[in-house]
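One structure is given here, and the rest of the page talks about it.
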Amino acid sequence: CERDLLFDLTCLQKRFAKKRFRKQIFEDWGCCAYCNRENPTTLDHVVPKARGGSTTRKNLIAACGDCNIMKSSADWYSWFRSQDFWTLEREDRILRWVNQSDADPLPLVPVYWSSEPKPLDYFLAVLV
């Protein structure tokens with residue numbers, strides 16, 4: 001069995017997986033999705049949890065603390081359109097983000113033998 005060849009693999013602990021998940025979203029955005037401020041410090045639920053929104057990649061965007069607090073549990077579309085910093089380009093980027101397919105490819109991470117530092121001939125998708 002092919003699975004017998006794999007051994008000594010370590011799974012990510014929940015806290016490391018969460019940090020990695022958050023970090024990837026911050027890196028993908030690079031700035032506040034709403035006002036374009038650099039170095040956002042929070043993740044905003046586009047559809048707020050209070051309105052049934054989920055904590056999934058496509059429902060989380062990078063936001064500065066001010067925008068996240070101002071938006072609160074409001075409908076993002078109406079709230080964003082009422083802001084002085086609204087732009088069609090950022091609105092379009094948010095819409096593309098929240099409408100991304102759940103089937104988008106996962107990042108591939110090489111799997112290594114634990115006894116030698118050479119990569120195997122295949123890759124495994126890592127779920128975070």
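Quick look at the values:
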item: Residue in segment 58-67 that is in contact (Cβ under 8 Å) with a residue 24 or more places away in the chain, surrounded by fewer than 17 Cβ atoms within 10 Å (Cβ to Cβ) and either of a type in the set (V, I, T) or part of a loop (DSSP other than H, G, I, E, B) (or both) present; result: no
item: Scope segment 31-44; condition of a type outside the set (K, R), within 18 Å of R93 (Cβ to Cβ) and open to solvent by 50 Å² or more (accessible area, probe 1.4 Å); matching residues; result: N36, E38, N39
item: Flag for F123 being at pLDDT below 95 and either open to solvent by 80 Å² or more (accessible area, probe 1.4 Å) or in a loop (DSSP other than H, G, I, E, B) (or both); result: yes
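Per-residue answers, yes or no, for (1) open to solvent by less than 90 Å² (accessible area, probe 1.4 Å); (2) touching a strand residue (DSSP E or B) at 6+ places or on another chain (Cβ under 8 Å); (3) at pLDDT 95 or above:
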{"site": "L6", "(1), (2), (3)": "yes, yes, no"}
{"site": "R15", "(1), (2), (3)": "no, no, no"}
{"site": "K19", "(1), (2), (3)": "no, no, no"}
{"site": "W29", "(1), (2), (3)": "yes, yes, yes"}
{"site": "V46", "(1), (2), (3)": "yes, yes, yes"}
{"site": "R51", "(1), (2), (3)": "no, no, no"}
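The values are calculated or read from the model by the stated rules, or taken from the named source; none is laboratory data. The model shown is predicted, which means the values in this text are computed figures rather than measured ones. Note: ideal-geometry Cβ built from the backbone for every residue, glycine included; neighbour counts use all protein chains shown. Ligands, DNA and RNA are stripped out before the accessible areas are found, and what is left, the full protein with its side chains, is counted by its heavy atoms. Shrake-Rupley method; radii C 1.70, N 1.55, O 1.52, S 1.80 Å.
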